[in-house]
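Undergrad: Before I ask anything, here is the structure I am working with.
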Amino acid sequence: MDLPVDERLRDLITRAEAARGFMPTDEGLALHRHAAEVTVDGPFLEVGSYCGKSALYLGAAAETRGRILYSVDHHRGSEENQPGWEWHEPDLVDPATGLMDTLPLFRRTLHEASLERTVVAVVGDSPAVAASWATPLALLFIDGGHGSEPAHADYEGWVPHLVLGGTLLIHDVFRDPAEGGRPPFEIYNRALESGAFAEVAATGSLRGLQRTGRGI
Ligand code: SAH
Ligand code: MG
């Protein structure tokens, strides 16, 4: 039986808070709010699914707004998720291949939240998917690889697909290099310096921008 709207939303937010991943609650709630408040038509897309934490925050809003959330990830982990790196979680290695595989957990998270019709997993290398993508997006959340090359490739590959008036969200933006890597901060600056974006809000390391112009 379907839950009343406010109970359903509470359930999804509780699940998001409990899900594995890299999204503090205040930033996750901001993510949800940005998505709930989009003013333009089109689906949402996130780069960086991992185990589905941000997909629950965004998916809850997608469900309410009647949108689809595409969640792009090759599910092999970023550089910092590999063995020997700071953010490695050994139980996420597939023993058959010896490689990271977050897809089973991602699917389970979405199944348990009954969001499988709202959130669509796109499994593949982000720049390769972006290169043949054709659907204009109302919201884009960039939280994929945080190295210089992947972060700039995500900016260049995905931002042109965002419609005028659409929302660009970037995670892990740290002005001070002591707090974290620079590339997300660099692409945030790229967006601002292009003149095609206006900053709307900042919550922790999450930046919310709105596309106001064409020349990216
Ligand atoms: N948004 C998630 C965290 C994402 S972690 C949360 O809320 O918890 C970053 C993810 O980006 C990892 O799962 C990694 O596999 C993915 N990633 C890194 N580089 C990628 C690439 N080139 N293509 C697709 N996914 C990539
Ligand atoms: Mg992040």
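Yes/no per residue for (1) among the small types (Gly, Ala, Ser); (2) within 18 Å of LEU169 (Cβ to Cβ):
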{"site": "PRO4", "(1), (2)": "no, no"}
{"site": "ALA16", "(1), (2)": "yes, yes"}
{"site": "GLY28", "(1), (2)": "yes, yes"}
{"site": "PRO43", "(1), (2)": "no, yes"}
{"site": "SER78", "(1), (2)": "yes, yes"}
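Undergrad: Right, another one. Can you tell me how many residues in region 159-171 are more than 16 Å from VAL40 (Cβ to Cβ) and touching a residue at least 60 places away in the same chain (Cβ under 8 Å)? Talk me through it step by step, then tell me what you get.
TA: Of all residues in region 159-171, those more than 16 Å from VAL40 (Cβ to Cβ) come to 170-171.
Checking which are touching a residue at least 60 places away in the same chain (Cβ under 8 Å) leaves us with 171.
Residues meeting the conditions: 1.
Undergrad: I've got another one for you. Within region 108-147, count every residue that is outside any loop (DSSP other than H, G, I, E, B), open to solvent by 70 Å² or more (accessible area, probe 1.4 Å), closer than 28 Å to GLU37 by Cβ and touching a residue at least 40 places away in the same chain (Cβ under 8 Å).
TA: So in region 108-147, the residues outside any loop (DSSP other than H, G, I, E, B) come out as 108-112, 119-123, 126-131, 137-142.
Filter again for open to solvent by 70 Å² or more (accessible area, probe 1.4 Å), leaving 108, 111-112, 123, 131.
Subset that is closer than 28 Å to GLU37 by Cβ: 111-112.
Going one step further and asking which of them are touching a residue at least 40 places away in the same chain (Cβ under 8 Å), we end up with 112.
Final tally of qualifying residues: 1.
Undergrad: Can you report the number of residues in region 148-157 which are surrounded by fewer than 24 Cβ atoms within 10 Å (Cβ to Cβ) and within 11 Å of ligand 1 (Cβ to nearest atom)?
TA: 4
Undergrad: Scan region 40-53 for residues that are under 19 Å from GLN210 (Cα atoms) and either near ligand 1 (Cβ under 8 Å from one of its atoms) or crowded, with 21+ Cβ neighbours inside 10 Å (or both) and jot them down. Before you say what the answer is, go through the steps one by one.
TA: The first filter runs over region 40-53 and keeps only residues under 19 Å from GLN210 (Cα atoms), leaving 40-47.
Once the filter is applied, which keeps residues that are under 19 Å from GLN210 (Cα atoms) and either near ligand 1 (Cβ under 8 Å from one of its atoms) or crowded, with 21+ Cβ neighbours inside 10 Å (or both), region 40-53 yields PHE44, LEU45, GLU46, VAL47.
Undergrad: Tally the residues that are out of contact with any Gly (no Cβ under 8 Å at 6 or more places or on another chain) and away from ligand 1 (no atom under 14 Å from the Cβ), restricting the search to region 109-131.
TA: Total meeting the criteria: 6.
Undergrad: Related question: Please go through region 149-179 and pick out each residue that is modelled with pLDDT of 95 or more, more than 22 Å from GLY213 (Cα to Cα) and either part of a helix (DSSP H, G or I) or away from ligand 2 (no atom under 13 Å from the Cβ) (or both).
TA: Listed by number, the residues that qualify are GLU149, PRO150.
Undergrad: Where residues in region 4-39 are β-branched (Val, Ile, Thr) and open to solvent by 30 Å² or more (accessible area, probe 1.4 Å), which of them is nearest to the chain's Cα centre (by Cα)?
TA: Residues of region 4-39 that are β-branched (Val, Ile, Thr), as a first pass: 5, 13-14, 25, 38-39.
Subset that is open to solvent by 30 Å² or more (accessible area, probe 1.4 Å): 5, 14, 25, 39.
Numbers: VAL5: 24, THR14: 18, THR25: 14, THR39: 19 Å.
Only one residue tops the list, namely THR25.
Undergrad: Taking only region 54-101 into account, find how many residues are open to solvent by 80 Å² or more (accessible area, probe 1.4 Å), free of Cβ contacts under 8 Å to residues at least 24 places away in the same chain and part of a loop (DSSP other than H, G, I, E, B).
TA: Adding up the residues that qualify gives 6.
The values are calculated or read from the model by the stated rules, or taken from the named source; none is laboratory data. Only a predicted model underlies this, so the values are computations on that prediction, with no experimental measurement involved. Quick reminder, even Gly has a Cβ in these numbers, built from the backbone with ideal geometry, and neighbours come from all protein chains shown. In case anyone asks, the SASA skips ligands and DNA or RNA and just uses the protein heavy atoms, side chains included. Shrake-Rupley method; radii C 1.70, N 1.55, O 1.52, S 1.80 Å.
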